[in-house]
Amino acid sequence: IEDGGVVSESDKNLRSPICCVMGHVDSGKTKLLDFIRGTNVQKGEAGGITQQIGATYFPAGKLREMTKGLKADARLEVPGLLVIDTPGHQSFTNLRSRGSNLCDIAILVVDIMHGVKDRTIESLDLLRRNGADFIVALNKVDRLYGWKTCGNAPIVEAMKVQSRDVRDEFERRVSGIIGQFEKQGLSTELYYKNYDVREVTSLVPTSAMTGEGIPDLLLLLVQRTQRTMVEKLTFSNQVRCTVLEVKVVEGHGTAIDVVLANGVLREGDQIVVCGQQGAIVTTIRALLTPYPMREIRVKGAYQQHKEIRAAQCIKIAAHGLEHAIPGTCLYAMGPDDNLEALKNSVMEEMESVSGHIDKA
Ligand code: GDP
């Protein structure tokens, strides 16, 4: 098991939830993930990569370590968390919509100093259209004038050491943002005051620069998914997999980046993928993932696997993938599957994505 040695602590057999990060440009989406990973993708760790969908796997052990300051009696029933990062630029609406479709839960990031912006509303609409569950991160709390840095302290602890002025400004900004969301027909409340999580969306103040509130955000994501989505998160042998990107990987030829949302993929599996010139039938030559806590877009060492259980973001190397179409499903041939039927299903999707391919 390649999740850093820690498997889930429960016998429920859950897969990792898939979480996507959305929000206005510059609200700190990339930086938030950088903070959790301990990386620097935001500063251009690999130039230009933010124009693709990114993904990072956070194993349960890491989540436990990062949330221990909350002293919550939280059993981790999921093996980890797969976080998907979608580009923020205007021209990537389709990519964002593709990313958000895959997700079990989303983080909608709002800059606490700037409040709700165009792209926040666009993301909100997308999430609601997909009926997606989400949490709002009120990011950049460290920008409140006079903020005292508290490392990755839980937000309630961090607030206790702030001056009266900082707390007043915080309250003012939070109620302003609650009002802005209200105008969009969305009820929100600070998560530690939210007693009606079914009807009211939780706000988690965070700093991606200094770390306050990050434990709260992670714990909330895990608790929310494993408490309310047990059925959806139950591991199944039925492969559910979406192609994100097609690209050349050094030493492996053309590969596709996919998100495996459920099921298992194995080296040697026969797969069927939607291609520009018809269904592509090929055999998995290599299954590669970045190391845990590393971003799939950043070129680096990959782990090679004999088999991978969902959820994971994977690079699949196989012959004939050059014309695979991003946004479509990948099918794996099981013993009871009919190849022609799979070829037909995969090509039916061509219609649904043809109006969907990014202009970029
Ligand atoms: P994205 O476009 O939403 O991915 O935003 P980025 O992660 O690229 O962040 C935009 C800018 O805001 C960068 O200069 C970050 O360093 C800065 N930033 C992001 N999060 C924070 C934060 O919590 N506090 C402060 N002070 N700056 C932040």
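Taking 17 Å as the straight-line reach from the Cα of Lys68, none of the lysines fall in range once those fewer than 8 positions away in the same chain are excluded. Rolling a 1.4 Å probe over the heavy atoms of the protein chains gives the chain an accessible area of 44 Å² per residue. As I understand it, the value is the acute angle between the Cα axis of helix 214-228 and the longest principal axis of the Cα atoms of the chain; what does it come to in degrees, rounded to 10? With both axes taken from Cα atoms, the answer is about 60 degrees. What accessible surface, in Å², does a 1.4 Å probe find on Met333, ignoring ligands, DNA and RNA and rounding to the nearest 10? The accessible area comes out at roughly 50 Å². This model, with +1 at the C-beta of Lys and Arg and -1 at the C-beta of Asp and Glu, gives the range 105-234 a dipole about its Cα centre of some 40 debye. Legend: Rg and Dmax of the range 176-325, from Cα coordinates, 20.0, 55 Å. Per-residue ellipticity at 222 nm, computed for the chain from helices alone with -39500 (n - 2.57) per DSSP H run of at least four residues, works out to -8500 deg cm²/dmol. Overall form of the chain: prolate. Here a/c, set by the Cα gyration tensor axes a ≥ b ≥ c, is 1.5 or more, and a/b is the larger of a/b and b/c. Note on Glu199 and Lys71: with the Förster distance fixed at 30 Å, the Cβ-Cβ geometry gives a FRET efficiency of about 0.60.
For trypsin sites (Lys or Arg not before Pro), the sites in the range 154-229 that DSSP calls loop and that have at most 12 other Cβ atoms within 10 Å are Arg198. Considering the range 248-341, its Cα convex hull presents a mean projected area of 6.0 nm². Site pair Met350 and Ser236 shows an inter-label distance of 2.7 nm when each label is modelled 7 Å from Cα along Cα→Cβ. Taking all protein chains together and rolling a 1.4 Å probe, Ser202 ends up with roughly 20 Å² accessible. The length gained on full extension between Thr149 and Asp125, counted as 0.36 nm times the residue separation minus their Cα-Cα distance, comes to 5.2 nm. The angle between the Cα long axis of helix 118-129 and the main principal axis of the chain comes to about 60°, on a 0 to 90 degree scale. Put a dot 7 Å past the Cα of Thr283, heading toward its Cβ, do the same for Val156, and the two dots end up 5.7 nm apart. Ordering Thr201, Ile325, Gly263 by Cα displacement along the dipole of the chain toward the positive end leaves Thr201 in first place; charges were set at the Cβ atoms of Lys, Arg (+1) and Asp, Glu (-1). In a fully extended conformation the segment linking Glu267 and His252 would gain 4.0 nm over its present Cα-Cα distance, using 0.36 nm per residue. Mind pulling the angle between the C-alpha long axis of helix 339-354 and the longest principal axis of the chain? Nearest 10 degrees, somewhere in 0 to 90. The answer is roughly 50 degrees.
Met347 sits with roughly 50 Å² accessible to a 1.4 Å probe, with DNA, RNA and ligands left out of the calculation. A simple charge model with +1 on the Cβ of Lys and Arg, -1 on the Cβ of Asp and Glu and nothing else charged puts the dipole of the chain at about 760 debye relative to its Cα centre. Across the accessible surface of the range 156-289, with the other protein chains kept in place and a 1.4 Å probe, carbon and sulfur atoms take up 46 percent.
Distances over 20 Å make up what percent of all Cα-Cα pairs in the range 138-232? Pairs farther apart than 20 Å: 39 percent. Measuring nothing but how far apart in sequence close Cα pairs (under 8 Å, 6+ apart) lie, relative to its length, the chain scores a relative contact order of 19 percent. Loop-located GluC sites (Glu not before Pro) across the range 138-230 with a Cβ neighbour count of 11 or fewer within 10 Å are Glu199, with loop assigned by DSSP. Multiplying the residue separation of Lys299 and Asp26 by 0.36 nm and removing their Cα-Cα distance gives an extension gain of 95.9 nm.
The values are calculated or read from the model by the stated rules, or taken from the named source; none is laboratory data. All of these numbers come straight from a predicted model, not from anything done at the bench. When we count neighbours, we look across all protein chains shown, and the Cβ atoms used for this are built from the backbone with ideal geometry, even at glycine. For accessibility, only protein heavy atoms count, side chains too; no ligands or nucleic acids. Shrake-Rupley method; radii C 1.70, N 1.55, O 1.52, S 1.80 Å.
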